[in-house]
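The values are calculated or read from the model by the stated rules, or taken from the named source; none is laboratory data. Note that the structure is predicted; figures quoted are calculated from it, not measured. Glycine also receives a Cβ, built like all others from the backbone with ideal geometry; neighbour counts cover every protein chain displayed.
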Amino acid sequence: MRLLGCERPPVTEGFCGQGCLRMAGGTYAPFGARVSSGAMDPEDIREGMHDTPPVERSSTGLDPRLAAALSYLFGFVTGIIFLVVERDSQYVRFHAMQSTVTFISLFVIRVLAEVVPVIGPAVGWLANVGGLVLWALLMIKAW
């Protein structure tokens, strides 16, 4: 059985462990979806979903991938800016919202870690290191 819409090898017959089937209209097949003959029309599935942003325009005038990556640049500040400015691209809005929620959460964890006397510094340090790793990873994945 050939797995439609995915270039990665299937984990089991007709199943992609990445949940990477992208159907027409920008919807995604649910994680663990099985593709059998006749289950989906091949015309309803777009090829090459991995590492490609949706083909939509950004109201910022930037490439959607660049705008999504820039929404992580200065943490929740740029996330909020792109959330307010962007009107058209759901891809950019998703990354702006993810940036805002992620980095506000990390900020709250760091502030609360300052209050806790014994394990607070360790939790704060872990939040800082985790935040740096997340920042780099999320920017790369958005691009």
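For the stretch 61-71, state whether one or more residues are at pLDDT 90 or above and outside any helix (DSSP H, G or I).
yes
Can you tell me which residue in the stretch 122-143 is modelled with the lowest pLDDT, limited to those that are surrounded by 14 or more Cβ atoms within 10 Å (Cβ to Cβ) and under 20 Å from Leu70 (Cβ atoms)?
Trp143
Here are the criteria: (1) outside any helix (DSSP H, G or I); (2) at pLDDT 90 or above. Tell me which single one Arg57 does not satisfy.
Unmet for Arg57, out of (1) outside any helix (DSSP H, G or I); (2) at pLDDT 90 or above: (2).
How many residues does the stretch 66-100 contain that are in contact (Cβ under 8 Å) with a residue 12 or more places away in the chain and closer than 18 Å to Ala127 by Cα?
Looking only at that region, the number is 7.
Could you check, for the stretch 84-99, whether at least one of its residues is modelled with pLDDT of 90 or more, buried (at least 16 other Cβ atoms within 10 Å of the Cβ), of a type in the set (S, T, N, Q) and touching a Gly at 6+ places or on another chain (Cβ under 8 Å)?
The answer is yes; a qualifying residue exists.
Could you grab me the full set of residues in the stretch 72-106 that are more than 16 Å from the chain's Cα centre (by Cα), in a loop (DSSP other than H, G, I, E, B) and not acidic (Asp, Glu)?
Once the filter is applied, which keeps residues that are more than 16 Å from the chain's Cα centre (by Cα), in a loop (DSSP other than H, G, I, E, B) and not acidic (Asp, Glu), the stretch 72-106 yields Phe74, Arg87.
Quick check on the stretch 107-121. Is at least one of its residues assigned to a helix (DSSP H, G or I), among the hydrophobic types (A, V, I, L, M, F, W, C), within 18 Å of the chain's Cα centre (by Cα) and modelled with pLDDT of 90 or more?
No, every residue in the stretch 107-121 fails to be assigned to a helix (DSSP H, G or I), among the hydrophobic types (A, V, I, L, M, F, W, C), within 18 Å of the chain's Cα centre (by Cα) and modelled with pLDDT of 90 or more.
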